[in-house]
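Below: one structure, written as structure tokens.
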Amino acid sequence: AEALAYDLDIKARKDWNVGSVPYFAEHVRRYLEEKYGQEALYREGLQVYTTVNVAHQKNAQQAIRKGLYNLDKRQGYRGPLGHLAPEEIEGFFQDLKESAEGKGLEKGAVVKGVVVGVSREEKNASVRLSEGVGTLPVENMEWARKPDPEIAYGTVKISDPTKVLKIGDIILVRLKEQDTKAGSWVLALEQEPNVQGALLCMANGTGHVKAMVGGLDFKISQFNRAIQSRRQPGSSFKPFTYAAALDKGYTPATIIIDSPIIYTDDQMDYKWKPKNYKEKFYGPTLFRTALILSRNVVTIKIVRDIGIDYLIDYARRFGITAPLSRDLSLALGSSGLSLIELTNAYSVFANLGELVSPIFITKILDRHGNLLEEHKTQMERVLDKDTSYIMTHLLQEVVKYGTGWRARALKRPNAGKTGTTNNLQDAWYIGFTPEYVTGVWVGFDDDRTLGKYETGSRAASPIWVDFSRKILDKEPVKVFAVPENVVFARIDPETGQLANPGDEKAIFEAFKEGTAPTKTTEVTRPTIDEFFKGDLDAEPM
């Protein structure tokens, strides 16, 4: 159920930007200050009605925090917060108890502690807390290898706690379980992430922004990465290329050859040989397969065919205003976009071809109740329904068979696309259900690599799943509406032609009426040599 609009009483809450919706509230505050000035903002009692859903916002913040903590731990342990001599420990805890962070221990909380014992034989450490002592078993710190971006998570596991901790180390621990009889806690080693992330969720059909997180911790960094940052989207830009191609005569069953190509720029004296993620080439490839498996070379060939200028103009239809590179690298997401820009662009698919501007504020009243401004949803058709639905269907296939596979855990209809940039510097997942479109970005502010295998699928999509599962938990399952001019055909996933009866590999694909394949895949019978070879190679029953 929809939460009531969040009413910001500016006069009563001068500290509103550090409340339960910090990044959202700060964005609204900046808008109000710019339009009405500080005097009106803080002293004239404006009543501001926003679109934020406080429950969704809380879930968004938790999902970002959980996802970034998990990612950070996959990269190894950077070491303790500090180290204390024995005579310094009492003073440390005296100061801790007097501070807010040392009061009240609750399950799930992350708190500071000091290592007071480490045992190789018992495979644990004793950690003094602000109240009592906890036990940190080695299995709850096995991730704490030395950081190395070239080593994948899980290849090195800590089995000896003395290799990680020393008596006197100040560490962060999570309170997992409490032994009520002994009064002690079972702990897990934690560390505050250096990596950043952002999330933005909009309601389909209205453009109302329901949740926005601009970073890990607003108190540490007020920079809003959901709005103020432009980063390369990588493959999450590809859906606009494929939608543009559908409107140029391509179909999901069109075959493109995935083969090596070299592009030469004589003016720049530059040669570019694009490659796929796994540095392989796959030969004849269906249009749908190229998007589902995020094939770079096929995507570039499509852009070369439809034209760069056409693609740029087409992307503008989706509300994308950022500068776009007028070269083939645009196909692979080389031009920086903001998270709100990219998320709103995907909403066109979710809204069956209609563009809506994101709305943060529904209305503003003065102290006397007079209406100062009001923002209502305005929809603009920028894409036909058929193209929009076919793209939605293809992005559902990305979830079923491709890089978006982790979103299958949502267990309800959803569509989306991952994005990963060079050197694993940015990880994206933009996904939508019939109810909401949500975008997630993960990366470092200084463009460091996220670590080996930290793609959009691994680093960003779990955050999307975690958030979406919570906000849809009690909602009825909905399906995407199918326009009347869209037809489905049962096709062979290799040839793109109609599948033969009984073909277990056959898939149902969406087509614009009149564009579905009409030929049936020929059944090739094995030669006599192939028949006997297959029989000889067969394993005994």
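The values are calculated or read from the model by the stated rules, or taken from the named source; none is laboratory data. Keep in mind the model is a prediction, meaning the values are calculated, not measured. With ideal geometry, Cβ positions are generated from the backbone for all residues, glycine too; neighbour counts draw on all protein chains shown.
What's the number of the only condition in (1) surrounded by fewer than 18 Cβ atoms within 10 Å (Cβ to Cβ); (2) touching a helix residue (DSSP H, G or I) at 6+ places or on another chain (Cβ under 9 Å); (3) closer than 26 Å to P462 by Cβ that R120 fails to meet?
(3)
Quick check on my filter: what residues within region 61-108 are in a loop (DSSP other than H, G, I, E, B), surrounded by fewer than 13 Cβ atoms within 10 Å (Cβ to Cβ) and of a type in the set (G, A, S)?
A85, S99, G104, G108
Suppose we filter region 193-220 for residues that are within 20 Å of the chain's Cα centre (by Cα), within 16 Å of P22 (Cβ to Cβ) and assigned to a loop (DSSP other than H, G, I, E, B); how many remain?
Residues of region 193-220 within 20 Å of the chain's Cα centre (by Cα): 193-204, 207-218.
Retained after the next criterion (residues that are within 16 Å of P22 (Cβ to Cβ)): 196-201, 209-218.
Narrowing the set further to residues that are assigned to a loop (DSSP other than H, G, I, E, B) leaves 214-218.
Qualifying residue count, region 193-220: 5.
Go through (1) closer than 17 Å to G419 by Cα; (2) in contact with a Leu (Cβ under 9 Å, 6 or more places away or on another chain) one by one and return the number of the condition G333 breaks.
(2)
Conditions (1) small (G, A, S); (2) without any contact (Cβ under 8 Å) to a residue 24 or more places away in the chain, marked per residue:
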site	(1), (2)
K66	no, no
L71	no, no
G76	yes, no
G82	yes, no
P86	no, no
E90	no, yes
F93	no, no
K97	no, no
K107	no, no
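Output the number of the condition that V348 fails; it satisfies all remaining conditions of (1) under 28 Å from K474 (Cα atoms); (2) assigned to a helix (DSSP H, G or I); (3) touching a residue at least 60 places away in the same chain (Cβ under 8 Å); (4) not hydroxyl-bearing (S, T, Y).
Here V348 clears every test but (3).
Test K248 against the criterion of being in contact with a Phe, Trp or Tyr (Cβ under 9 Å, 6 or more places away or on another chain) and within 28 Å of G496 (Cβ to Cβ), and give yes or no.
yes
Yes or no, residue by residue, for (1) under 28 Å from the mean Cα position of the chain (by Cα); (2) hydrophobic (A, V, I, L, M, F, W, C); (3) in the same structural domain as E88 (by TED's automatic domain parsing):
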site: A144; (1), (2), (3): yes, yes, yes
site: Y153; (1), (2), (3): yes, no, yes
site: P161; (1), (2), (3): no, no, yes
site: L172; (1), (2), (3): yes, yes, yes
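Yes or no: region 370-386 includes at least one residue that is crowded, with 20+ Cβ neighbours inside 10 Å, assigned to a strand (DSSP E or B) and in contact (Cβ under 8 Å) with a residue 40 or more places away in the chain.
Scanning region 370-386 turns up no residue that is crowded, with 20+ Cβ neighbours inside 10 Å, assigned to a strand (DSSP E or B) and in contact (Cβ under 8 Å) with a residue 40 or more places away in the chain.
When you check G307 against the structure, is it surrounded by fewer than 22 Cβ atoms within 10 Å (Cβ to Cβ), in contact with an Asp or Glu (Cβ under 8 Å, 6 or more places away or on another chain) and more than 26 Å from Y453 (Cα to Cα), yes or no?
No, not satisfied.
Yes or no, residue by residue, for (1) surrounded by 14 or more Cβ atoms within 10 Å (Cβ to Cβ); (2) assigned to a helix (DSSP H, G or I); (3) touching a residue at least 40 places away in the same chain (Cβ under 8 Å):
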position	(1), (2), (3)
S236	yes, yes, yes
T241	yes, yes, yes
A244	yes, yes, yes
Y250	yes, no, yes
T264	no, no, no
K271	no, no, no
E279	no, no, no
T285	yes, no, no
S294	yes, no, yes
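Do you know which of the residues in region 143-192 that are among the aromatic types (F, W, Y) and part of a loop (DSSP other than H, G, I, E, B) is surrounded by the most Cβ atoms within 10 Å (Cβ to Cβ)?
W143
If R367 meets every condition in (1) under 18 Å from K35 (Cβ atoms); (2) surrounded by 23 or more Cβ atoms within 10 Å (Cβ to Cβ); (3) not hydrophobic (A, V, I, L, M, F, W, C) apart from one, which number is that one?
(2)
Under the condition of being part of a helix (DSSP H, G or I) and hydroxyl-bearing (S, T, Y), which residue from region 306-324 is nearest to the chain's Cα centre (by Cα)?
In the first step, residues of region 306-324 are kept if they are part of a helix (DSSP H, G or I); the result is 306, 308-316.
Filter again for hydroxyl-bearing (S, T, Y), leaving 310, 314.
On the way: Y310: 28, Y314: 24 Å.
It comes out as Y314.
Identify all residues within region 221-277 that are within 21 Å of K301 (Cβ to Cβ), at pLDDT below 95, out of contact with any strand residue (DSSP E or B) (no Cβ under 6 Å at 6 or more places or on another chain) and of a type in the set (D, E, K, R); write none if there are none.
Within region 221-277, D265, D266, K273, K275 meet the criteria.
Suppose we keep only residues that are aliphatic (A, V, I, L, M) and part of a loop (DSSP other than H, G, I, E, B) within region 13-60. Which one would you say is modelled with the highest pLDDT? If you could, list the steps in order and put the result at the bottom.
Looking only at region 13-60, we keep the residues that are aliphatic (A, V, I, L, M), and these are 18, 21, 25, 28, 32, 40-41, 46, 48, 52, 54-55, 60.
This time we only want the ones that are part of a loop (DSSP other than H, G, I, E, B), so: 21, 46, 52.
On the way: V21: 92, L46: 89, V52: 96.
Once the filter is applied, the top-ranked residue is V52.
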